[in-house]
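Engineer: Supplied in structure tokens, the structure appears directly below.
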Amino acid sequence: MMDEAYVLVCISKEIIRKMKRTRIIGRYCRGFVFTLGTVFTFIGLLFLLQFNGMYDLIVMNALKVEDGSKAYEAWRTNDPPLILDMYMFNWTNAHEVYNESVKPHFEQVGPYRFLEVKEKYDIVFHENDTVSYKYLKRYYFMDEESPCQLTDVINTLNTVATSAAYKTRFDEGFKKWSMDFTMSMSSSVYVTKTIDELLFKGYYDPLLGVLKQVSPFLPDDAQIEDHNFGWFYKRNNTRNLSGEFSMSTKQDHTFGRMVSWNHRNETDFFEGECNKIRGSAGEFYPLDRTRDSITLYSNELCTFAEFDYEKDEFIKDVRGYKYSAQTLFENGTIYPKNQCYCQGECLPSGVLNISSCRQGAPIFLSLPHFYNADPYYTNLIDGLTPNKKDHDFYITLEPKSAIAIEVGVRMQLNLLLQPIKGYSLFSNVPKIMVPIFFFDQVVTMSDELATSVYLIQNLPEIVEHVSYVFVVLGVSMMILVLITNCIWPSSKNRERNEYKVAAAQAVEVPLTTKEVHIHA
């Protein structure tokens with residue numbers, strides 16, 4: 001009987017210890033759960049209320065242009081290289097140029113596909129949050145991938161003779177007479193050459209010897225060393241051709257903006273506001289784009305270009321704002337503010353006179369096939385079929401980061417052919433805008449970049465959903481603890497009664513055992 005009493009005492013004491021331990025553990029568990037719920041709720045509310053500021057910091061840090069950063073490496077060189085398609089125009093009835101009853105006919109030939117490698121060099125970061133640099137461009141003909149070959153032969157306007165006559169059209173006397181005599185003996189209105197000769201290889205023109213002795217009549221686009229001419233002759237892999245650029249790296253509304261070109265913030269090519277160097281340098285734009293317009297500066301255009309918002313579109317599941325060149329080559333006939341591009345004569349809308357920055361050559365830029373231009377240009381010639389799909393110039397930006405997710409760069413070079421008094425070669429020619437060539441370069445972001453940009457774009461939504469989960473979970477945990485504490489007193493009373501019974505058993509049983517022992 002004593003053994004049974006002893007066991008009962010031990011069991012009762014163990015029950016008491018477990019009850020105490022259970023209450024302590026329960027108290028700590030409820031405190032832990034309540035604290036964890038408070039932390040979850042705080043984190044959720046913090047991200048809901050403050051994430052916008054943190055989001056801007058995340059995006060700005062990802063786009064920081066500094067030596068060694070990913071943004072800097074992507075900006076410094078285009079890796080992988082870009083595909084550039086060149087299209088030429090074959091003047092199929094050039095031999096009838098003097099026949100007024102025959103409308104000039106042009107046939108698009110190409111594309112001639114090149115690999116373009118652009119690299120920046122002489123990069124210098126300055127204390128005023130700007131970086132200066134120069135461009136180096138290399139072009140490699142993709143012989144196997146190109147649909148057409150550089151050995152193709154076409155007729156095209158004689159650039160050398162046309163440029164010389166245009167620049168000296170107001171001259172008088174012996175100089176003009178001698179020039180006319182030289183042209184009549186050695187030149188014609190058009191030339192028949194291979195694509196390679198017209199672009200990079202160049203071809204010999206006897207008129208160049210005369211022109212080089214008198215003055216530079218040709219555009220700086222066309223090199224005339226060794227009496228050879230080519231639109232890109234000796235320009236491939238050549239330094240110091242585009243000048244020096246300076247871009248803002250400060251992460252505010254000036255981020256990516258062109259600060260100066262060749263150490264100047266304006267040019268002498270046009271008049272008034274048209275000489276201003278403003279807009280993006282082409283790679284970066286300020287954050288938080290809106291559905292209005294963007295501006296970039298191009299040394300190829302010799303001025304800035306404005307692109308108007310067109311629509312929202314998705315590129316590889318990333319939403320972007322598409323800006324297109326709806327008024328890019330408007331020279332004042334529709335928008336009076338652009339009259340500073342006219343240079344004395346406002347032609348119908350759709351072409352930009354850049355002769356002033358091409359050493360006086362009659363070069364006019366437009367969109368391919370005179371897309372978005374006044375019908376005046378296509379009505380004077382045959383063979384051109386402008387359309388938006390193939391000839392639009394556009395830029396699509398991700399709204400928050402302003403990263404370019406797709407760019408379609410299309411531009412056409414034209415020469416003005418017109419009767420020029422004093423030159424027998426050009427006295428009876430029609431006045432038309434002759435298309436020479438255009439380039440087509442559509443660049444879409446890589447799959448790797450698309451994944452990163454998609455994450456950046458959807459990060460606020462992801463964080464918002466996760467924050468709500470944290471808040472709901474945290475509040476639920478706190479409510480659960482409060483409910484448990486409300487129910488706890490009744491269960492606590494039951495435990496207290498059980499505790500008293502166990503305590504009584506632990507005290508009274510030994511006394512009973514002792515009495516039995518005495519009577520025995």
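The values are calculated or read from the model by the stated rules, or taken from the named source; none is laboratory data. This is a predicted model, so every value here is computed, not measured. Here the Cβ positions follow ideal geometry from the backbone for every residue, glycine too, while neighbour counts run over all protein chains shown. Side chains included, ligands, DNA and RNA excluded: accessible areas come from the protein's heavy atoms. Shrake-Rupley method; radii C 1.70, N 1.55, O 1.52, S 1.80 Å.
Engineer: 5 Å is the cut-off here: which amide hydrogens, built 1.01 Å from N in the peptide plane, fall below it relative to K103, excluding neighbours closer than 5 in sequence?
Structural biologist: Correct list: empty.
Engineer: Moving on to the next point. Report ³J(HN,Hα) in whole Hz for each residue of region 286-300, in order, from the Karplus equation J = 6.51 cos²θ - 1.76 cosθ + 1.60 where θ = phi - 60°; Gly and Pro get x.
Structural biologist: x, 5, 6, 6, 10, 8, 10, 7, 10, 10, 9, 9, 10, 6, 5
Engineer: List every residue whose amide H lies under 5 Å from the amide H of V442, counting only residues 5 or more places away in sequence or on a different chain, with H placed 1.01 Å from N in the peptide plane.
Structural biologist: Amide H to amide H, under 5 Å and 5 or more residues apart or across chains, V442 pairs with V409.
Engineer: Would you mind checking which residues have amide H under 5 Å from I363's amide H? H placed 1.01 Å from N; only 5 or more apart, or other chain.
Structural biologist: I354, S355
Engineer: Right, here's the next one. How large a share of the accessible area of region 49-115, in percent, is made up of carbon and sulfur atoms when the probe is 1.4 Å and the other protein chains stay in place?
Structural biologist: Roughly 51 percent, rounded to a whole number.
Engineer: For region 362-461, what is the Kirkwood estimate of the hydrodynamic radius, computed as the reciprocal of the mean inverse distance between distinct Cα atoms, to one decimal in Å?
Structural biologist: After inverting the mean inverse Cα-Cα distance, the result is 16.5 Å.
Engineer: Per residue, how much accessible surface does region 249-320 expose to a 1.4 Å probe? Answer in Å², no decimals.
Structural biologist: 49
Engineer: Quick one: dipole size for region 54-196, taken about the Cα centre, charges +1 on Lys/Arg Cβ and -1 on Asp/Glu Cβ, in debye to the nearest 20.
Structural biologist: Details: 15 positive and 22 negative charges, 92 e Å.
Dipole size: approximately 440 debye.
Engineer: Within the set K201/K388; K175/K431; K120/K276, which residue pairs have Cα atoms separated by over 26 Å?
Structural biologist: Working: K201/K388 32 Å; K175/K431 24 Å; K120/K276 23 Å.
Exceeds cut-off: K201/K388.
Engineer: Which net charge results when you count Lys and Arg as +1 and Asp and Glu as -1 among the other residues whose beta-carbon is under 13 Å from that of D67?
Structural biologist: +2
Engineer: What is the gain in length, in nm to one decimal, between N379 and L473 on full extension, counting 0.36 nm per residue of separation less the C-alpha to C-alpha distance? Walk me through the intermediate numbers first.
Structural biologist: On the way: separation 94, 0.36 × 94 = 33.84 nm, distance 7.03 nm.
Separation in residues times 0.36 nm, less the Cα-Cα distance, equals 26.8 nm.
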